[in-house]
1. Let me check I've understood the local charge: for residue 153, count other residues with C-beta under 12 angstrom from its C-beta, Lys and Arg +1, Asp and Glu -1. What total comes out?
2. Which of the residue pairs 61/193; 63/239; 203/239; 11/80 have a Cα-Cα distance greater than 19 Å in the structure shown?
3. Can you tell me the relative contact order of region 99-239? Whole percent, Cα pairs under 8 Å, sequence separation 6 or more.
4. What does the charge add up to near residue 397, with Lys and Arg as +1, Asp and Glu as -1, over the other residues with Cβ less than 12 Å from its Cβ?
5. Counting other beta carbons within 10 Å of each Cβ, put 236, 395, 164, 347 in order, fewest first.
6. Which net charge results for the neighbourhood of residue 209, defined as the other residues with beta-carbon distances under 10 angstrom from its beta-carbon, given Lys and Arg at +1 and Asp and Glu at -1?
Amino acid sequence: MPESMDAIILKDVVKSFRKRTIRGEYTTFKSELLRWLRGKRQSRDASLITALRGINLTIPKGKTVGIIGRNGSGKSTLLKLITGIYTPTSGDLQINGRISALLDLGAGFHPDFSGRENILINGIILGMTRAEVRARMDEIIAFSELGEFIDEPVRTYSSGMYMRLAFAVATHVDPDILIIDEILAVGDEHFSKKSLAKMMDFKRQGKTIVLVTHELGTVERWCDLAAWIDGGYVRRVGKPSEVTAEYREAISLAEAQSAAFTPPALTEGGGALPQVPSEALPAEGPVRIQRVQLLDARGESLEVLSPEEGLEVRAEFSVEGPCEDVDFHVRLQAADGRTLYETSTRREAVVLSRMPNPGVLRFVVERLGALGGDYSLVVSARASKGESSGRCAFRVVSATEEEGVFRPPHRWLVEPGANSQAGVSFEPGTSPRVEVG
């Protein structure tokens with residue numbers, strides 16, 4: 001039978017927990033035994049809490065997958081199923097490869113044992129032999145940077161020291177699949193960079209990484225796929241920039257409509273978010289944004305561009321009623337949701353006379369100037385009676401090593417000093433030109 005190309009496969013996986021409520025009365029062993037014998041066990045009322053409601057998810061080998069969702073949506077329960085801490089109530093779960101996990105800070109460590117002893121114990125638990133752990137002991141200790149504390153009881157460790165030791169062990173046992181649940185948020189900047197470098201090395205080796213995080217920017221920059229868990233279901237799986245953009249929009253919509261919206265199928269951890277189309281938010285104003293596209297100078301669809309290229313945002317709309325006070329807004333967002341630039345027809349004194357129906361709004365940018373990264377453009381039609389919005393995502397690829405968000409036009413100039421006769425000026429990408437004064 002050929003080896004599966006998928007690291008993790010979940011089919012119709014359901015996970016429920018038994019919830020018990022006990023009446024406020026004193027009991028003894030004798031009274032409990034009598035209840036059992038008399039068939040009166042009903043004083044303990046058992047009910048089920050369903051955390052996952054039929055998960056279908058396939059994680060390919062060698063991919064880094066980010067799991068996102070609100071608190072209580074089932075993300076951590078899903079990871080504990082994958083790692084074997086929980087077993088499914090129903091459904092099929094298939095794991096192909098050795099798993100190492102970072103789920104809870106210091107989980108699996110014995111507080112009275114030293115860091116060195118815990119390395120040995122955890123390495124064996126994760127499937128290594130005693131000889132293999134001893135062979136990698138020095139490498140693990142060096143990576144953790146615990147120094148002389150490695151022989152102290154781990155109950156004396158700070159949270160950062162716990163994290164360093166846990167991460168060092170989990171990443172040095174040669175796993176095929178690495179599971180991480182928010183733990184990398186703990187630690188200083190130096191170790192965070194070191195951890196990221198280790199993760200990049202894992203990616204280059206073709207390891208599978210599953211990461212649960214609330215840092216959407218991390219998912220967009222670092223993951224190959226994103227899976228959105230909502231109300232115990234998989235809401236969407238796809239390109240990270242698209243999944244996180246839709247998730248942000250749904251969160252914003254839920255917050256804006258919290259007073260009027262009644263969520264369907266409420267779960268124990270919170271209700272499902274309202275559905276949001278991938279290209280447009282629900283239309284409520286008199287002008288409805290139907291579709292937003294990004295075009296190049298030739299009028300062709302554009303998804304990737306360089307900092308020096310221009311672009312055109314094309315928003316198709318329809319008119320559903322009187323719209324004398326409509327105002328079009330255009331907002332450029334970074335991958336983490338920050339607004340980098342926003343303007344509107346009202347701010348720039350653009351006169352909107354007769355609105356065609358249907359119509360097209362064109363917003364032309366001669367030169368974007370943004371540095372490499374993932375971005376989105378949001379177009380909104382705002383009026384006193386409501387607002388309708390749509391978006392499009394794109395990526396900027398830059399050949400330069402500059403840092404920041406945008407690349408302004410510039411040149412370099414080295415001028416002669418008081419006792420000098422020559423200066424040098426040149427523009428980026430050109431050879432220096434000597435100017436003789």
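1. Numbers: positive: 116, 155; negative: 112, 117, 151, 152.
Net charge around residue 153: -2.
2. Numbers: 61/193 25 Å; 63/239 12 Å; 203/239 17 Å; 11/80 16 Å.
Those over the limit are 61/193.
3. Values: 176 pairs, mean separation 35.8, N = 141.
About 25 percent, as a whole number.
4. Working: positive: 395; negative: 303, 308, 309, 374.
Summing Lys and Arg as +1 and Asp and Glu as -1 gives -3.
5. Details: 236 18, 395 15, 164 24, 347 10.
Neighbour counts put them in this order, fewest first: 347, 395, 236, 164.
6. On the way: positive: 63, 203, 207; negative: 224.
That works out to +2.
Each value in this text was obtained by applying a stated rule to the coordinates, not by laboratory testing. It should be emphasised that the depicted structure is a prediction, and the values quoted were computed from it without experimental measurement. Every residue, glycine as well, gets a Cβ built from its backbone with ideal geometry; the counts of neighbours run over all protein chains shown.
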